[in-house]
Amino acid sequence: MRLDIVDLSAPVDEQVAIMDRACTELGFFRIPITSIDPAIAARAWETAEAFFALPPEAKARCGFPEPGYPYGYSPFGFESLAKSVGDTAAPADLKESLSVGPDCLDGAEAGATPGTSDAWIRSASSWPAELPELRPAWEAYFQALSDVAERLMSVMALALDLPADHFESLIDRPITSMRAINYPALPADPAAGAAGRAVRSPVDAAARHSAARSGSSAPATRTWTHTSPRSAPGTSSPVTETASPSTEHVCTKAPNS
């Protein structure tokens, strides 16, 4: 099944019709990759790759300042997705990542009450002193993603026979975060045994199947996610977001070999 494309440069009536069908019949839709300025996206990729190429000690200085902090650098082998669903013997995930929060948007951190989950969501992001160009590049990309999400919410409102600005007051303090994930190339396939339960890449199963058949190692991949934080520290329930503009925006890229 091919998903419909909501092209934000198309006539509004066309966008609304496609959005209505996507949300009532299919459940999903696509947007053109050019919905984000290619120059902004390219600069974000370039600086992400430069960050992951930094020495370990430089990346570590962007680490989480305390347990439960929402944003920062997560080193290779630090996380284990399988453990979060009860597999306590699962190995660590084969990735590293850097996440940033809504302070990338102008004024997004203002007005939060100290000690609340809202203040936690708006915690300061960490930026590498060794790579000053990363922050403006990522802030531009974060803003571009948020702009697209807001435009999609407007189209959704029209598809519901509501005014185009119906959701504006509900999404003016976004709780979205953005994370770049690096899955380094590995010399051997760890799929056998317990290591097979580790998250290796967004195309994990396919990569393992291909590597097992060819005897080769899986390629390095890098992924962006633009998503809402799942829960506040010390809680088991998700942080609630009213009318989430975009639950997750994911891009995967395999660098040239």
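Where a number appears in this text, it was derived from the coordinates with a stated rule and is not lab data. Since the structure is predicted, the reported quantities are computational estimates derived from the model, not experimental observations. Backbone-built Cβ (ideal geometry, glycine too); neighbour counts: all protein chains shown.
First check a/c for segment 53-118, with a ≥ b ≥ c the square roots of the eigenvalues of its C-alpha gyration tensor; if it is under 1.5, answer rounded, and if not, answer prolate when a/b is larger than b/c or oblate otherwise. It would help to have the intermediate numbers written out before the result.
On the way: a/c = 2.71, a/b = 1.46, b/c = 1.86.
Note, shape of segment 53-118 comes out oblate.
State whether segment 114-167 is rounded, prolate or oblate according to the following rule on the C-alpha gyration tensor (a ≥ b ≥ c being the square roots of its eigenvalues): a/c under 1.5 gives rounded; otherwise a/b larger than b/c gives prolate, and the remaining case gives oblate. Write out the running numbers ahead of the final one.
Details: a/c = 6.18, a/b = 1.74, b/c = 3.55.
Because a/c hits 1.5 or more and a/b fails to exceed b/c, segment 114-167 counts as oblate.
So how far apart, in nm, are the two label points at Ser169 and Leu26 if each is 7 Å from Cα heading toward Cβ?
Each label point is offset 7 Å from its Cα along the Cβ direction, giving 3.3 nm.
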